[in-house]
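Visitor: First the structure, then my questions, so here it is.
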Amino acid sequence: MKTLICIVCPRGCHLNIDEENDYKVTGHHCEKGETYGRNELLHPVRVVTSTVKVNSDIHPRCPVKTDQSIPKDDVFHAMKLLDSVLLTPPIRRGDIVVENIADSGAHFVATRDLDT
Amino acid sequence: MARQDYELIVIGAGPAGLAAALSAKEHGLSRILVLERDTELGGILNQCIHNGFGLHYFNEELTGPEYAGRFIDQLDGSGIEIVCDTMVIRLENSDDWRIVHAMSVEKGYQRLKCRAVILAMGCRERTRFAIQIPGSRPAGIFNAGTAQRYVNIEGKMVGRRVIILGSGDIGLIMARRMTLEGAKVLACVELLPYSGGLNRNIVQCLHDFDIPLYLSHTITNIEGKKRVQRVTVQQVDENRRPIPGTEMYYDVDTVLLSVGLIPENELSSEAGVKIDRRTSGPFVYENLETSEKGIFACGNVLHVHDLVDYVTEESQAAGKAAAAFVLGDAPADSGHVIEIKTEPTVSYTVPQTVRVNEVERSLRIFLRVNKIWEETSYIVFRDGDNVIARFKRDYMAPGEMENANIPRVLLDRVKGNTLRVLIEEA
Ligand SMILES: Cc1cc2nc3c(=O)[nH]c(=O)nc-3n(C[C@H](O)[C@H](O)[C@H](O)COP(=O)(O)OP(=O)(O)OC[C@H]3O[C@@H](n4cnc5c(N)ncnc54)[C@H](O)[C@@H]3O)c2cc1C
Ligand code: SF4
């Protein structure tokens with residue numbers, strides 16, 4: 001049995017999920033919690049946000065994010081990929097910074113504009 | 001009018017200031033100036049690189065810089081004058097004019113005249129000294145927001161072994177951020193029996209990395225000569241006093257404080273704007289005008305918001321009202337004025353005063369409750385004993401701002417001069 005807090009709405013129900021019983025969810029106040037609990041145990045995913053180095057004195061870092069959620073287990077690996085990146089302005093929101101993270105199909109993209 | 005005379009000056013270019021200026025422009029003003037003390041626009045959003053902004057307003061999850069970027073883009077070609085690196089140091093009010101005193105390296109001291117002012121200065125973090133932790137004063141103690149700035153904007157790590165005091169959203173977000181950057185976050189410690197942060201942050205920032213959250217606990221000692229070396233954490237009783245025998249010791253080099261935000265209102269008070277002790281922000285009318293004629297307020301300087309989407313909405317309303325004021329549609333002070341009074345279950349409302357004639361179709365009232373309501377309950381507005389409006393809620397918590405939209409027709413039914421707001425169980 002696993003316990004989780006549902007994050008779909010502010011109520012934050014405490015869910016119990018029974019892995020031995022076809023991932024049956026209890027403790028939810030609505031159906032959304034059931035779906036959330038099941039997905040969160042079967043294939044949890046996260047959007048990762050961080051920063052990368054920029055070749056600029058005014059703006060030493062540029063914020064980035066994964067353009068889709070990636071499997072939770074790949075988060076630290078994804079972070080590692082950012083260490084070797086060095087961007088040179090101009091940078092535009094949405095510019096791809098790292099392509100196809102760990103074959104997930106997701107890319108790291110810049111989340112702000114930086115001019116020279 | 002001389003060249004420097006503006007119709008509107010907006011102080012601060014965070015999401016509040018930007019939305020207010022754009023809205024004032026849209027509602028007919030042409031000579032608008034925005035003053036920002038930082039070197040760039042966007043305010044606190046620039047350092048909030050995580051996602052979770054804009055779900056209500058844009059229907060997508062954006063990061064802070066992306067949310068700010070959407071508004072900064074709209075400024076291009078809008079004719080709104082924006083000046084960065086300029087700090088407003090004083091504000092004066094007279095009947096017809098507002099005078100804004102500002103300083104910048106480039107232009108030195110300036111005295112700018114305008115018809116209306118919008119306060120959008122945001123808030124600052126409470127400091128360690130405001131909460132008085134005993135112990136020595138070594139390096140390694142940061143406000144969580146300051147640490148966020150170092151890490152996200154300047155790319156500097158602030159520590160390797162970290163403990164966090166306070167479970168507000170900034171502290172939670174920083175727990176994840178420091179962990180992703182390779183630090184070890186040992187615990188998050190909260191004085192109250194519940195967290196002030198959003199559930200999603202507790203799950204995705206603490207649970208994801210097995211960081212324990214100790215509720216009803218606090219840091220009772222910080223030791224270290226030059227740098228923090230050890231902290232003591234203790235459980236507290238109902239009166240928030242440490243319980244002897246519950247000591248836990250942590251070897252850490254860094255303490256992050258996330259103990260709350262306070263609206264930044266020194267400027268406002270000096271100009272005579274009356275401050276509400278419940279919000280630490282100005283008292284405002286239904287149109288977000290403060291106690292001083294022609295001075296409006298929105299965003300975190302008015303009350304601390306957890307969602308930027310509401311900041312945007314509120315600031316658009318302030319921009320619209322300031323435009324109406326400048327263009328001569330100022331609200332008449334006559335007519336039915338209602339004061340909204342909070343009962344002990346509600347910690348504050350914004351606005352605090354309503355000129356009923358000025359309300360078009362309905363009035364949105366923001367409020368916070370002062371404890372967790374887990375069972376279905378009602379936000380109730382009463383005129384004496386008469387119920388004017390009732391809003392059902394399944395769940396309410398102090399960390400989540402509530403709002404209630406009261407139709408004008410119901411406000412018209414209020415006979416007295418006060419409207420009481422309280423929470424009642426179903
Ligand atoms: C760390 C943190 C995390 C957050 N996370 C989320 C989230 O995940 N989702 C969400 O929706 N919301 C979040 N919020 C809330 C949201 O970001 C804020 O409510 C919003 O940014 C407030 O906007 P503002 O314009 O009122 O203030 P700010 O963004 O603080 O802007 C105020 C501006 O005024 C300027 N200023 C101040 N004084 C002067 C002066 N005297 N002269 C000139 N300029 C001045 C400042 O430099 C600043 O640029 C978060 C807030 C913080 C602090
Ligand atoms: S289960 Fe439903 S009610 Fe409970 S937190 Fe999740 S979404 Fe909200």
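Visitor: Identify the single condition in (1) within 16 Å of ligand 2 (Cβ to nearest atom); (2) away from chain A (no Cβ under 14 Å) that B:K415 does not satisfy, given that it satisfies every other one.
Guide: Among (1) within 16 Å of ligand 2 (Cβ to nearest atom); (2) away from chain A (no Cβ under 14 Å), B:K415 violates only (1).
Visitor: Check every one of the strands (runs of 3 or more DSSP E) wholly within segment B:206-259 and list those with 3 or more residues that are within 14 Å of B:I133 (Cβ to Cβ).
Guide: B:217-223, B:230-235, B:254-257
Per-residue answers, yes or no, for (1) more than 10 Å from ligand 1 (Cβ to nearest atom); (2) without any contact (Cβ under 8 Å) to a residue 60 or more places away in the chain; (3) within 14 Å of chain A (Cβ to nearest Cβ); (4) among the aliphatic types (A, V, I, L, M):
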{"position": "B:Y6", "(1), (2), (3), (4)": "yes, no, no, no"}
{"position": "B:G14", "(1), (2), (3), (4)": "no, no, no, no"}
{"position": "B:A19", "(1), (2), (3), (4)": "no, no, no, yes"}
{"position": "B:D38", "(1), (2), (3), (4)": "no, yes, yes, no"}
{"position": "B:I44", "(1), (2), (3), (4)": "no, no, yes, yes"}
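Visitor: Within segment B:239-260, can you find the residues that are surrounded by fewer than 13 Cβ atoms within 10 Å (Cβ to Cβ), in contact (Cβ under 8 Å) with a residue 24 or more places away in the chain and over 29 Å from the mean Cα position of the chain (by Cα)?
Guide: Answer for segment B:239-260, where residues must be surrounded by fewer than 13 Cβ atoms within 10 Å (Cβ to Cβ), in contact (Cβ under 8 Å) with a residue 24 or more places away in the chain and over 29 Å from the mean Cα position of the chain (by Cα): just B:D251.
Visitor: Kindly state which strands (runs of 3 or more DSSP E) lie completely within segment B:123-203 and contain at least 1 residues that are open to solvent by 10 Å² or more (accessible area, probe 1.4 Å), away from chain A (no Cβ under 14 Å) and not hydrophobic (A, V, I, L, M, F, W, C).
Guide: Values: elements: B:123-125, B:141-143, B:161-165, B:184-189.
Output list reads B:123-125, B:141-143, B:161-165.
Visitor: Quick one: would you say A:C9 is near ligand 2 (Cβ under 9 Å from one of its atoms), more than 9 Å from chain B (Cβ to nearest Cβ) and of a type outside the set (K, R)?
Guide: Numbers: near ligand 2 (Cβ under 9 Å from one of its atoms): yes; more than 9 Å from chain B (Cβ to nearest Cβ): no; of a type outside the set (K, R): yes.
For A:C9, the condition - near ligand 2 (Cβ under 9 Å from one of its atoms), more than 9 Å from chain B (Cβ to nearest Cβ) and of a type outside the set (K, R) - is not met.
Visitor: Could you pull out every one of the strands (runs of 3 or more DSSP E) wholly within segment B:364-426 that has 3 or more residues that are surrounded by fewer than 18 Cβ atoms within 10 Å (Cβ to Cβ)?
Guide: So the answer is B:386-393, B:402-407, B:418-425.
Visitor: Would you confirm whether any residue within segment A:73-81 is among the charged types (D, E, K, R) and within 16 Å of ligand 1 (Cβ to nearest atom)? Show your work before the answer.
Guide: The first filter runs over segment A:73-81 and keeps only residues among the charged types (D, E, K, R), leaving A:73-74, A:80.
From the residues that got through so far, the ones that are within 16 Å of ligand 1 (Cβ to nearest atom) too are none.
No, the conditions are met nowhere in segment A:73-81.
Visitor: Residues to consider are A:V48, A:V25; find the one that is at pLDDT 90 or above and within 16 Å of ligand 1 (Cβ to nearest atom).
Guide: On inspection, the qualifying residue turns out to be A:V48.
Visitor: Return the pair list, or none, for Cβ contacts closer than 6 Å from residues in segment A:51-75 that are over 13 Å from A:V109 (Cα atoms) and within 9 Å of another protein chain (Cβ to nearest Cβ) to residues that are open to solvent by 60 Å² or more (accessible area, probe 1.4 Å) and among the hydrophobic types (A, V, I, L, M, F, W, C), at least 6 apart or on different chains.
Guide: If the second residue must be open to solvent by 60 Å² or more (accessible area, probe 1.4 Å) and among the hydrophobic types (A, V, I, L, M, F, W, C), the pairs left are A:K53/A:L86.
Visitor: Identify all residues within segment A:78-110 that are β-branched (V, I, T) and within 14 Å of the chain's Cα centre (by Cα); write none if there are none.
Guide: Once the filter is applied, which keeps residues that are β-branched (V, I, T) and within 14 Å of the chain's Cα centre (by Cα), segment A:78-110 yields A:I101, A:V109.
Visitor: Looking only at segment A:1-28, count how many residues are assigned to a loop (DSSP other than H, G, I, E, B) and surrounded by 14 or more Cβ atoms within 10 Å (Cβ to Cβ).
Guide: 11
Visitor: Considering only residues that are of a type in the set (V, I, T) and open to solvent by less than 10 Å² (accessible area, probe 1.4 Å), which ones fall in segment B:7-46?
Guide: Our first condition is that a residue be of a type in the set (V, I, T); within segment B:7-46, this holds for B:9-11, B:32, B:34, B:39, B:44.
Hits for segment B:7-46 are B:I9, B:V10, B:I11, B:I32, B:V34.
Visitor: Tell me the residue from B:G69, B:G52, B:G17 that is at pLDDT below 95, small (G, A, S) and assigned by TED's automatic domain parsing to the domain that holds B:A322, please.
Guide: The unique qualifying residue is B:G52.
Here's the yes/no breakdown for (1) in contact (Cβ under 8 Å) with a residue 12 or more places away in the chain; (2) away from ligand 2 (no atom under 16 Å from the Cβ); (3) among the hydroxyl-bearing types (S, T, Y); (4) not assigned by TED's automatic domain parsing to the domain that holds B:K225:
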residue	(1), (2), (3), (4)
B:S269	no, yes, yes, yes
B:R277	no, yes, no, yes
B:A297	yes, yes, no, yes
B:L302	yes, yes, no, yes
B:Y310	yes, yes, yes, yes
B:A324	yes, yes, no, yes
B:Y348	yes, yes, yes, yes
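Visitor: Right, something else. Being of a type in the set (F, W, Y) and under 26 Å from the mean Cα position of the chain (by Cα) is the filter here; which residues of segment B:189-238 pass it?
Guide: Within segment B:189-238, B:Y194, B:Y214 meet the criteria.
Visitor: If I filter segment B:332-342 for residues that are under 29 Å from B:F58 (Cβ atoms) and touching a Ser or Thr at 6+ places or on another chain (Cβ under 6 Å), do I get at least one hit?
Guide: Keep residues of segment B:332-342 that are under 29 Å from B:F58 (Cβ atoms), which gives none.
Scanning segment B:332-342 turns up no residue that is under 29 Å from B:F58 (Cβ atoms) and touching a Ser or Thr at 6+ places or on another chain (Cβ under 6 Å).
Visitor: Going by what's in this entry, would B:R98 be described as of a type in the set (D, E, K, R), closer than 29 Å to B:F283 by Cβ, buried (at least 16 other Cβ atoms within 10 Å of the Cβ) and in contact (Cβ under 8 Å) with a residue 24 or more places away in the chain? Explain how you work it out, then say what you get.
Guide: Working: of a type in the set (D, E, K, R): yes; closer than 29 Å to B:F283 by Cβ: yes; buried (at least 16 other Cβ atoms within 10 Å of the Cβ): yes; in contact (Cβ under 8 Å) with a residue 24 or more places away in the chain: yes.
Judged against the criteria, B:R98 is a match.
Visitor: Now for a separate question. Hey, any hits in segment B:375-385 for a residue that's of a type in the set (K, R) and touching a Lys or Arg at 6+ places or on another chain (Cβ under 6 Å)?
Guide: Kept after step one, since they are of a type in the set (K, R), are these residues of segment B:375-385: B:382.
Add one more test, that the residue is touching a Lys or Arg at 6+ places or on another chain (Cβ under 6 Å), and what stays is B:382.
The answer is yes; a qualifying residue exists.
Visitor: Within segment A:37-50, which residues are crowded, with 21+ Cβ neighbours inside 10 Å and more than 10 Å from every other protein chain (Cβ to nearest Cβ)?
Guide: If the condition is that a residue be crowded, with 21+ Cβ neighbours inside 10 Å and more than 10 Å from every other protein chain (Cβ to nearest Cβ), then A:G37 is the only one that fits.
Visitor: Is there a residue being within 16 Å of ligand 2 (Cβ to nearest atom) and touching a Cys at 6+ places or on another chain (Cβ under 7 Å) anywhere in segment A:35-56?
Guide: Within segment A:35-56, one or more residues are within 16 Å of ligand 2 (Cβ to nearest atom) and touching a Cys at 6+ places or on another chain (Cβ under 7 Å).
Visitor: Suppose we filter segment B:359-375 for residues that are among the aliphatic types (A, V, I, L, M) and either in contact with a Leu (Cβ under 7 Å, 6 or more places away or on another chain) or farther than 22 Å from B:E286 by Cβ (or both); how many remain?
Guide: The qualifying residues number 3.
Visitor: State all residues of segment B:48-95 that are open to solvent by less than 30 Å² (accessible area, probe 1.4 Å), within 19 Å of B:A19 (Cβ to Cβ) and either touching a His at 6+ places or on another chain (Cβ under 9 Å) or among the polar types (S, T, N, Q) (or both); if no residue qualifies, say none.
Guide: Result: B:T63, B:G64, B:S78, B:V88.
The values are calculated or read from the model by the stated rules, or taken from the named source; none is laboratory data. In this text, all values refer to a predicted model and were calculated from it rather than measured experimentally. Cβ coordinates were reconstructed from backbone atoms using ideal geometry, including for glycine residues, and neighbour counts include every protein chain displayed. What goes into the accessible areas is simple: the full protein's heavy atoms, side chains included, and nothing from ligands, DNA or RNA. Shrake-Rupley method; radii C 1.70, N 1.55, O 1.52, S 1.80 Å.
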